[in-house]
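What follows is a set of notes on a single structure, which appears directly below.
The values are calculated or read from the model by the stated rules, or taken from the named source; none is laboratory data. As the structure is a prediction and not an experimental result, all values here were calculated from the model. FYI the Cβ positions are ideal-geometry reconstructions off the backbone, even for glycines, and counts take in every protein chain you see. These accessible areas exclude ligands, DNA and RNA; they are computed on the full protein's heavy atoms, side chains included. Shrake-Rupley method; radii C 1.70, N 1.55, O 1.52, S 1.80 Å.
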Amino acid sequence: MRTLITLLITVCLVPNVSAQVMLTDSDIANAYRTTTYKNRVSCHDPSVVLDDVTYPASPRFYVFGSHLGRGYTFLASNYRNWSSFKAGEESMSRTNSLFGDLNGNLVNYSDAYSQHAVRTVLNYEGLEETFGDYVDGSDFDAHGWQYKGYSVRGNQWAPDVIYNKTMQKWCMYMSVNGDRWCSSIVCLTSINPQGPWVYQGPVVFSGFQGLSAHNAYAAANDWKYTDLHIATGATSLPSRYNRSNSWGSYWPNCIDPCVFYDEDGELWMTYGSWSGGIWMLKLNAENGLRDYTYTYRASGSNQNTTSDPYFGKKIAGGWYVSGEGSYVKKIGPYYFLFLSYGGLGSAEGYQIRVFRSQYAGGPYTDPYGTSAIYNSYQMNYGPSAQTNRGMLLMGGYKWDLMPSAEISQGHNSVFTDQAGRDFVAYHTRFSDAGEWHEVRIHQLLLNEDGWVMAAPYEFSGQTVTSDDIATRESIPESEVPGDYQFIRHQYNQNYASKAYKTPETIHLTADYRITNATGAEIGTWTKGVASDYVTLVISGVTYKGVLLRQVMDYSNVNCLCISAVSSSSGSLAIGQNNFTYQQQIWLSKADYKAAIKYTLDNLKMPASNGTTVKSNLTLPTKGFLGTDVVWSTSNESVMTSSGAVKGNGNVTLTCSIQKDGYAYNRDISVNVTGVTGIKNVVSTGAEGEARRRNAGLDGKTYDLQGREVEESYRGIIIRDGKKTTNQQNR
């Protein structure tokens, strides 16, 4: 009878559930398995490239990053396990180097940038010109261009690798960084992604204003050793480039290349950083270097310059606002521009923002229509942000099964596999690991408005593409209702405190309502016809997204997920939790058996059966993976369902873990003892009588253990605050 009463109480307390199917221990045994990954790759600023040239049937995936971070895998269904190859900056040996000299002989990376293979190019007039002819005929030494005292080690930043279909070679675009903007981007080629990579020539330079000494070049007239004359015909340094200590407010630092083909087969490179913004140049597919015959006119003035004869076309940033690691990728009908705002450290706020355009060269705008180009300085990330332009792909977050939160995610690349699936690769730091970082890869999907969203979990082999979601229904509407974990990615997170979001539980009901954990209605949902599109309205904001099946990170738990974005709805008010326009949300509905078993294993339950207590118990009420936890009691006069003691005796507490119409009950026997019923002690006489009346006492009689007894009880008693002997019927 008690079990039936418990079940009835449970059903009444759980929101959105009209009946519960009870589960047994055997039902949930082995319902989930947790997983650890031993071969993660730590690669800063990761660029992932698919090699289906060498391996057409089973492509190999390579990742390259700053400081020669690298790895490869054949496992297209699991980007968590990588193998290393060759030696990077961890070795000064040349025997296992990634780099070769002009003859293809292996050389140490520090010796790879002095001599280049391409000597002659067509200049801005289409005439042949040789690098260095304007001065002494020497090669361009990328290490020599670095600010004096800078080494190659630690300053090989953010390489991007692409297969050049014209050259039939792999091209690597490497930025060799130096202080005071004395940086350059060079091109190297190889017939194999594992090298050896041979230096072909320079692509673009920065910091040439005659004020900074370089490793191999004097400060005076340093512009002569660049390709400025080849690109523009300049015979002296134009005044527009003489910016003293303010170079970065006007012009880019030449780092972070991204190279891509447009829909017409033309080859382009974006590059730049905080400094003077993100710029774009056309490349020559014949040699991989800059196409000098494609010229740019000067447009705009000072910090508002949008086109420059040397640097090309500005597509984002400027005015020294944050923004680096540009990556352009055509997905569906749009070119998407990905940028990383903030600083890359664990407490510096790195995060990926997204803009899009119909054209490779822009203009790039966010969902609200705001340009990616700035016309004044504005703080654009963190709690002090003045603008939230750019759609936030994700913020710091932690799902229940994650060992720690992912924070400061950024400097991404985007790639498409042979099956037509699109992916974002980025490095992330962690809430408990200092500056340690690892690569993560999530699938990218388009909603019905054509905006890109990241799937909630790492990719683990799902076959769905954006085209599949738009054209067929693989998830029936009947599967959508249920109990979900919900993360709303947050603009203006407090990066200094390494802030991150954790999930809350919401319920999607069969009658198209959305309710929160208390059962209060907070919105509605609808599913697309003949598609896997879904629309949610939450707190008045409309989110358009997609349904997909995934596997939860660090486990084998299957789940139904929703990724959505408010691409045409929400609040524009700046401030944490205020800005809901162009906001990404994730929902995850875990398999009910796995969620219930995981919650059972991880709830901090009271001690085992038969425990003796004298005071209130703290009963956990928050479940995991979208479960509800409801407590009931067999005797409210001994202990309430909230764990408060009321009297002495034995009581059974029942913990009911519930999800999606299923419940598992765990009974816990508790012996409450030593609880006194004495609440007030007052004296006798008139004063005592008055105090009794004021205290609302009812004249009850207690034994010395504080238990209430009948008036006929014989022995020593406490009545009206006075110990006495009741000799009635003696």
Task: Among residues of segment 340-388, those that are in a loop (DSSP other than H, G, I, E, B) and among the β-branched types (Val, Ile, Thr), counted - done: 2
Open item on the list: Looking at (1) over 22 Å from Tyr426 (Cα atoms); (2) open to solvent by 60 Å² or more (accessible area, probe 1.4 Å); (3) without any contact (Cβ under 8 Å) to a residue 60 or more places away in the chain, which one does Ser93 not meet, given that it meets all the others?
Closed with: (2)
TODO: Quick one: Tyr294 ticks every box in (1) open to solvent by 30 Å² or more (accessible area, probe 1.4 Å); (2) among the aromatic types (Phe, Trp, Tyr); (3) touching a Gly at 6+ places or on another chain (Cβ under 8 Å) except a single one, so which number is it?
DONE: (3)
Task: Only listed residue being outside any helix (DSSP H, G or I), of a type in the set (Ser, Thr, Tyr) and surrounded by fewer than 16 Cβ atoms within 10 Å (Cβ to Cβ), chosen from Thr518, Thr535, Thr505 - done: Thr518
TODO: Scan segment 292-310 and report the pairs whose first residue is touching a residue at least 12 places away in the same chain (Cβ under 8 Å) and whose second residue is aromatic (Phe, Trp, Tyr) and open to solvent by less than 70 Å² (accessible area, probe 1.4 Å), with Cβ atoms within less than 7 Å and a gap of 6+ or a chain change.
DONE: Asn302/Tyr250; Gln303/Tyr250; Gln303/Trp319; Asp308/Tyr296; Pro309/Tyr296
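Every residue, every condition in (1) at pLDDT 95 or above; (2) not small (Gly, Ala, Ser), yes or no:
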| site | (1), (2) |
| --- | --- |
| Phe74 | no, yes |
| Asn78 | no, yes |
| Arg94 | no, yes |
| Ser97 | yes, no |
| Asp101 | yes, yes |
| Tyr113 | yes, yes |
| Gly126 | yes, no |
| Asp133 | no, yes |
| Gln146 | yes, yes |
TODO: Report, by residue number, each residue of segment 202-225 that is of a type in the set (S, T, N, Q) and open to solvent by 20 Å² or more (accessible area, probe 1.4 Å).
DONE: Asn215, Asn221
Open item on the list: Among the residues of segment 175-184, are any of a type in the set (Asp, Glu) and touching a residue at least 40 places away in the same chain (Cβ under 8 Å)?
Closed with: no
- [ ] Report yes if some residue within segment 142-158 is under 16 Å from Phe260 (Cα atoms) and in contact (Cβ under 8 Å) with a residue 24 or more places away in the chain; otherwise report no.
- [x] yes
Open item on the list: For the structure I just gave you, tell me whether Asp262 is open to solvent by 10 Å² or more (accessible area, probe 1.4 Å), among the acidic types (Asp, Glu) and modelled with pLDDT of 95 or more.
Closed with: yes
TODO: Considering (1) open to solvent by less than 10 Å² (accessible area, probe 1.4 Å); (2) within 25 Å of Ile162 (Cα to Cα), say which one Gly332 fails and leave the rest.
DONE: (1)
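Please verify whether Gln115 is open to solvent by 60 Å² or more (accessible area, probe 1.4 Å), within 29 Å of Gly207 (Cβ to Cβ) and not hydrophobic (A, V, I, L, M, F, W, C), treating the condition exactly as stated.
The answer is yes for Gln115.
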- [ ] Taking Asp511 as meeting all but one of (1) in contact with a strand residue (DSSP E or B) (Cβ under 6 Å, 6 or more places away or on another chain); (2) open to solvent by 10 Å² or more (accessible area, probe 1.4 Å); (3) farther than 23 Å from Cys258 by Cβ, write down the number of the exception.
- [x] (1)
Task: Long-range neighbours under 6 Å by Cβ, at least six apart or interchain, first residue over 14 Å from Tyr457 (Cβ atoms) and modelled with pLDDT under 95 within segment 418-432, second open to solvent by less than 30 Å² (accessible area, probe 1.4 Å) and not polar (S, T, N, Q) - done: none
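Determine, yes or no, whether Asp179 is open to solvent by less than 30 Å² (accessible area, probe 1.4 Å) and either within 22 Å of Leu344 (Cα to Cα) or in contact with a Leu (Cβ under 6 Å, 6 or more places away or on another chain) (or both). Break it down into steps so the answer makes sense when it comes.
On the way: open to solvent by less than 30 Å² (accessible area, probe 1.4 Å): no; either within 22 Å of Leu344 (Cα to Cα) or in contact with a Leu (Cβ under 6 Å, 6 or more places away or on another chain) (or both): yes.
Taking the combined requirement at face value, the residue does not satisfy it.
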Task: Conditions (1) open to solvent by 50 Å² or more (accessible area, probe 1.4 Å); (2) part of a strand (DSSP E or B); (3) not hydroxyl-bearing (Ser, Thr, Tyr); number of the one not met by Glu286 - done: (2)
Task: Val541 at pLDDT below 95 and either farther than 27 Å from Tyr662 by Cα or open to solvent by less than 20 Å² (accessible area, probe 1.4 Å) (or both) - done: no
TODO: For Thr270, indicate whether it is surrounded by fewer than 23 Cβ atoms within 10 Å (Cβ to Cβ), modelled with pLDDT of 95 or more and β-branched (Val, Ile, Thr).
DONE: no
Open item on the list: Residue under question is Asp467, and the condition is that it be under 28 Å from Lys593 (Cβ atoms), open to solvent by 10 Å² or more (accessible area, probe 1.4 Å) and not hydroxyl-bearing (Ser, Thr, Tyr); does it hold?
Closed with: no
Task: Residues of segment 21-80 classified as farther than 25 Å from Gln409 by Cβ, of a type outside the set (D, E, K, R) and open to solvent by 40 Å² or more (accessible area, probe 1.4 Å), total - done: 14
TODO: Evaluate segment 479-493: report whether one residue or more is modelled with pLDDT under 95, open to solvent by 60 Å² or more (accessible area, probe 1.4 Å) and either under 16 Å from the mean Cα position of the chain (by Cα) or not hydrophobic (A, V, I, L, M, F, W, C) (or both).
DONE: no
TODO: Return yes or no: is Gln156 under 34 Å from the mean Cα position of the chain (by Cα) and not β-branched (Val, Ile, Thr)?
DONE: yes
Task: Every pair of residues 6+ apart whose Cβ atoms lie under 6 Å, when the first sits in segment 206-230 and is farther than 18 Å from Ile185 by Cα while the second is acidic (Asp, Glu) and part of a helix (DSSP H, G or I) - done: Gly210/Asp222
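State all residues of segment 389-407 that are in a loop (DSSP other than H, G, I, E, B), open to solvent by less than 40 Å² (accessible area, probe 1.4 Å) and out of contact with any Ser or Thr (no Cβ under 6 Å at 6 or more places or on another chain); if no residue qualifies, say none.
Initially, segment 389-407 is screened for residues in a loop (DSSP other than H, G, I, E, B), giving 389-390, 393-396, 398-405.
So of that shortlist, the ones also open to solvent by less than 40 Å² (accessible area, probe 1.4 Å) come out as 389-390, 393-396, 399-402, 404-405.
Scanning segment 389-407 gives Gly390, Leu393, Met394, Gly395, Gly396, Trp399, Asp400, Met402.
Given Tyr368, Tyr341, which one is open to solvent by 40 Å² or more (accessible area, probe 1.4 Å) and within 24 Å of Gly570 (Cβ to Cβ)?
Numbers: Tyr341 fails: open to solvent by 40 Å² or more (accessible area, probe 1.4 Å).
Going through Tyr368, Tyr341 in turn, just one is open to solvent by 40 Å² or more (accessible area, probe 1.4 Å) and within 24 Å of Gly570 (Cβ to Cβ): Tyr368.
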Open item on the list: Name the single residue that is nearest to Cys655 (Cα to Cα) among those in segment 1-35 being hydroxyl-bearing (Ser, Thr, Tyr) and modelled with pLDDT of 90 or more.
Closed with: Thr24
